[in-house]
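Derivation of every value follows stated rules applied to the coordinates shown; laboratory data play no part. The model shown is predicted, which means the values in this text are computed figures rather than measured ones. Every residue, glycine among them, receives a Cβ derived from its backbone with ideal geometry; neighbour counts consider all protein chains shown.
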Amino acid sequence: MTDLRIGLIGSGNMAAAMVAGWVTDDPSIAGRIHLTDRGSGRAAALAEAVGGEHGTPQLMSSNRALVDAVDLVLLCVKPTDIEDVLREVSDLVEARHVVASVAAGVQTATMENLLDDDVPVIRLMPNVPVRVNAGTIVYALGRASSELVGPTLELIARLGATVELQERLFDAATALSGSGPAFFGLVVEAFEDAAIVSGLSAPIGRELAVTTMVGTAEMLTRGNLSCLDLRRMVTSPGGTAATGLAHLERSAVRGSIIDAVVAARDRARELG
Ligand SMILES: NC(=O)c1ccc[n+]([C@@H]2O[C@H](COP(=O)([O-])OP(=O)(O)OC[C@H]3O[C@@H](n4cnc5c(N)ncnc54)[C@H](OP(=O)(O)O)[C@@H]3O)[C@@H](O)[C@H]2O)c1
């Protein structure tokens with residue numbers, strides 16, 4: 001079954017990013033999407049933003065009405081709201097559904113304890129580049145399965161790279177790929193500042209910084225290079241890259257990044 005009816009409980013930042021990615025990939029998906037919020041109007045705003053001639057997401061009057069109408073129940077609420085939402089709908093959730101959650105720190109077992117044993121559960125950790133179909137989505141499967149789990153994973157894969165991971169490693173993944181766009185964003189911002197200090201205009205600095213980041217990523221993935229190989233390729237003895245890298249190493253950039261990711265992993269653990 002490829003035409004999953006998709007229900008998102010919660011229509012905030014992550015829901016909007018995932019819906020935008022799906023609709024960009026295939027505008028007709030919009031007509032299969034069902035949305036709720038807690039009364040803010042964000043579901044209606046999201047439906048309006050992505051709706052069009054190929055279809056518009058349906059606003060559901062309640063989470064219970066949504067569960068009744070869909071195959072995939074995607075929980076896009078804050079981690080602290082997951083249990084309340086599941087309690088609200090659990091008597092309607094059946095083995096014909098798949099329940100997936102993007103909530104940081106909420107384990108499959110926590111969700112499974114509130115659902116019947118035969119309901120398939122998937123824990124996801126997406127990041128915001130899902131909005132442009134360039135996300136990284138880490139996932140773990142729960143104890144039950146069904147013929148809808150495969151199509152659900154195919155749907156998720158339309159948003160970017162998917163990586164199956166043991167749940168005990170999710171906090172580390174949350175720190176690296178979940179929070180990662182904020183870290184890389186800070187680095188690019190610093191390069192933009194550096195461009196201006198070096199005499200380039202802000203727009204040119206931004207273009208050079210972003211295209212260099214994308215090109216570097218392409219070399220590491222499509223070029224199948226190690227980071228060391230890439231660095232050696234650019235760093236001639238006594239040259240500009242060597243001089244710049246020596247500054248970065250003396251400023252402990254590498255150690256700061258390691259500390260930041262480990263601190264973010266520990267924070268994910270505290271919040272979970
Ligand atoms: N943002 C990220 O980069 C990111 C990355 C990975 C994972 N996540 C996960 O994504 C989840 C959502 O984060 P977010 O940043 O999208 O949060 P958000 O912008 O605050 O959105 C939360 C949404 O949940 C809705 N909601 C809360 N309780 C509800 C209920 N009982 N019934 C229906 N809707 C309800 C809210 O409704 P109202 O609009 O009416 O308030 C809001 O639309 C979190 O669990 C987070 O861990 C986020």
For region 225-272, what class follows from the C-alpha gyration tensor (a ≥ b ≥ c being the square roots of its eigenvalues): rounded when a/c is under 1.5, otherwise prolate if a/b is larger than b/c, else oblate?
-> oblate
Along the dipole axis of the chain (charges at Cβ: +1 for Lys and Arg, -1 for Asp and Glu; origin at the Cα centre), the most positive-end residue among Val67, Val253, Ala144 is Val253
Alpha carbons only, please: Rg and Dmax for region 1-132, in angstrom.
-> 13.7, 41
Note the angle between two axes, namely the Cα long axis of helix 180-197 and the longest principal axis of the Cα atoms of the chain, as a number of degrees from 0 to 90, rounded to the nearest 10.
-> 30 degrees
Quick calc, region 6-170, dipole around Cα centre from Cβ unit charges on Lys, Arg (+) and Asp, Glu (-), nearest 20 debye, gives 500 debye
With x for Gly and Pro, the residue-by-residue ³J(HN,Hα) of region 19-27, computed from phi through the Karplus equation 6.51 cos²θ - 1.76 cosθ + 1.60 at θ = phi - 60° and given in whole Hz, is 4, 4, x, 4, 5, 5, 5, 8, x
Using only Cα atoms, locate the centre of region 230-267 and the centre of region 174-210, then give the distance between them in Å, rounded to an integer.
-> 15 Å
Farthest positive-ward along the chain dipole, Cα basis, beta-carbon charges - from Ser90, Gly223, Gly21 | Gly223
Across all Cα atoms of region 113-272, Rg and the largest Cα-Cα distance (Dmax), in Å, are 19.7, 65
Residues of region 106-138 with backbone N under 20 Å of the label point set 7 Å from the Cα of Glu147 along Cα→Cβ are 118-122
Computed on alpha carbon atoms, what radius of gyration and Dmax characterise region 180-271, expressed in Å?
-> 15.2, 47
Shape call for region 132-198 from the C-alpha gyration tensor, a ≥ b ≥ c root eigenvalues: rounded (a/c under 1.5), prolate (a/b greater than b/c) or oblate?
-> oblate
Once the piece of chain linking Ala190 and Ala217 is laid out straight, how much longer is it, given 0.36 nm per residue of separation minus the C-alpha distance between them?
-> 7.9 nm
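Tally the DSSP beta bridges in region 6-170 and give the antiparallel ones as a percent, rounded to 5. Don't skip to the end; give the middle numbers.
Working: 5 of 27 bridges.
Of those bridges, close to 20 percent are antiparallel.
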One can check that the equivalent ellipsoid of the chain, built from the alpha-carbon gyration tensor with semi-axes equal to the square roots of five times its eigenvalues, has lengths in Å, largest first, of 39, 21, 17
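Can you show me the helix-derived [θ] at 222 nm for the chain, built from DSSP H runs with n ≥ 4 at -39,500 (n - 2.57) apiece and divided by the number of residues, rounded to the nearest 500.
On the way: 12 runs with 131 residues, N = 272.
Calculated mean residue ellipticity at 222 nm is -14500 deg cm²/dmol.
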Can you give the relative contact order of region 180-271 as a percent, counting alpha carbon pairs under 8 Å and 6+ residues apart?
-> 12 percent
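Given R₀ = 35 Å, what would the calculated FRET efficiency be for Arg96 paired with Ser40, taking r from the Cβ atoms and rounding to 0.05? Write out the running numbers ahead of the final one.
Numbers: r = 30 Å, r/R0 = 0.86.
Calculated transfer efficiency: 0.70.
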Projected area averaged over all directions for the convex hull of the alpha carbon atoms of region 15-85, nm², comes out at 4.7 nm²
Val261 label point, 7 Å along Cα→Cβ, cut-off 19 Å on backbone N: hits in region 232-252?
-> 232, 248-252
Largest fluctuation, Ala43, Ala194, Ala175 only, Gaussian network model of the chain with Cα springs under 10 angstrom, belongs to Ala194
Relative contact order for region 114-257, counting Cα pairs under 8 Å that sit 6 or more residues apart, in percent = 15 percent
Other-chain or far-sequence residues with amide H under 5 Å of Gly135's (modelled H) | Val130, Gly160, Ala161
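Tell me, what is the percent relative contact order of region 6-67, built from C-alpha pairs under 8 Å that lie six or more residues apart? Don't skip to the answer; put the middle values down first.
Working: 93 pairs, mean separation 23.8, N = 62.
Over region 6-67, the number comes to 38 percent.
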Which ordering of Thr174, Thr216 is given by a fewest-first count of other beta-carbon atoms within 10 Å?
-> Thr216, Thr174
